[in-house]
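A.B. asks: Let me give you the structure first, and then I'll get to my questions.
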Amino acid sequence: MDLLLDSRFLKRLEQLELVIRGRYYGLLSGRRTTPRAGMSLEFAEYKEYHPGDDLRYVDWNLYGRLGKLFIKVFTREEDVPVYLLLDISRSMEIGGKLRAAAQLAGALAYLALKDLNRVGIFPFAGDLVRGVPPRGGHRQVFEVFRFLQGVRPSGETSLNASLRRFVRVRRESGLAVLISDMLSDDGFEEGLAQLLYHRYEPVVIHLLAPEDLKPSWQGELRLEDVEKRRELPLYVDREARARYAQALREYQRRLETYCRAHDIRYVLLSSGEPLEELVFHALREGAILR
């Protein structure tokens, strides 16, 4: 079995960083315990002193000028939960999409763990299925890679149902990276809205196969719906391919427009492109990596 990511590729990854826009900080103002050794502190603001606040954080110079007590408030940077939501529905077996999705998830997990964040894998089809719980540390890299190496497609896609379940089982907000072909009969708006409502930072990696993007079908065919396990007799000519291309453009534009309107990073990728191109160029252009 081929390795998910080889050592040469992982070494090149060291030069990249996962972009996390949200600031996941805990406040430290005397009402909380002293931070652990090695935790970085950053001054945030002043607040007026109230009985019970720790006098160690009083700014006595400010008191001398204003005659009032103010407490220095600091931020303490904490590790960020990074949730990789991986579509494993049967449509992902077309054109090597699931293999490409697993490799992308592995690369993102490696980068997040390198920067001392917690990473979890949440596979889904019609609903969430068992994955890898969010943890940090070097051992988590092996757990994540082992899982992604063995992932197999199954079931129909329901983005909305899967994302609704995700926000119920994970209460701690963080970066939520959705890797999917986004081919779901029930749409995507409700699921993404749930992530936003529960204060996650969503990222959408829209992964399609070359035959999804530009099918070469022609003549009388029997197309198989790989998720519903049914066949559809069809005659494909130039006009039918043009209608398909138009419908795909409209759907992709609708998805991209929704993401832009809600400040969700979005990138469209092809599973036919080399992994290096996807990671070192497309994801950087999409401001997902830097």
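A.B. asks: If you check V129 against the conditions, is it buried (at least 21 other Cβ atoms within 10 Å of the Cβ) and closer than 18 Å to I179 by Cβ?
C.D. replies: no
A.B. asks: Taking interchain pairs and intrachain pairs at least six residues apart, which have beta carbon atoms under 7 angstrom, with the first residue in segment 86-98 and over 17 Å from D127 (Cβ atoms) and part of a helix (DSSP H, G or I) and the second of a type in the set (A, V, I, L, M) and modelled with pLDDT of 95 or more?
C.D. replies: Correct list of pairs: I94/A209; G95/A209; G96/A209; K97/L207; K97/A209; L98/I88; L98/M92; L98/V151.
A.B. asks: Okay, moving on. Can you run down the residue pairs with Cβ atoms below 6 Å, 6 or more apart or on separate chains, where the first is in segment 238-265 and aromatic (F, W, Y) and the partner is surrounded by 15 or more Cβ atoms within 10 Å (Cβ to Cβ) and in a helix (DSSP H, G or I)?
C.D. replies: Listed by first residue and then by second, the contacts come to nothing, as the list is empty.
A.B. asks: On to the next question. Do we have any residue at all in segment 180-192 that's surrounded by 16 or more Cβ atoms within 10 Å (Cβ to Cβ), of a type outside the set (F, W, Y), in the same structural domain as T257 (by TED's automatic domain parsing) and within 13 Å of D263 (Cα to Cα)?
C.D. replies: Yes: segment 180-192 contains one or more residues that are surrounded by 16 or more Cβ atoms within 10 Å (Cβ to Cβ), of a type outside the set (F, W, Y), in the same structural domain as T257 (by TED's automatic domain parsing) and within 13 Å of D263 (Cα to Cα).
A.B. asks: If we only count strands (runs of 3 or more DSSP E) wholly inside segment 153-227, which ones have 1 or more residues that are at pLDDT below 95 and among the acidic types (D, E)? Write out each step before concluding.
C.D. replies: Working: elements: 175-180, 201-208, 219-225.
It comes to 219-225.
A.B. asks: For segment 165-176, enumerate the residues that are under 13 Å from L196 (Cβ atoms) and over 13 Å from the mean Cα position of the chain (by Cα).
C.D. replies: Listed by number, the list holds a single entry, V167.
A.B. asks: Can you say whether G187 is over 21 Å from A287 (Cβ atoms), without any contact (Cβ under 8 Å) to a residue 60 or more places away in the chain and over 15 Å from the mean Cα position of the chain (by Cα), as far as the supplied structure shows?
C.D. replies: Yes; evaluated as a whole, the condition is true for this residue.
The values are calculated or read from the model by the stated rules, or taken from the named source; none is laboratory data. Everything numeric here is computed off the predicted structure, so don't read it as measured data. Here Cβ is always computed from backbone atoms with ideal geometry, including for glycine, and neighbour counts include all displayed protein chains.
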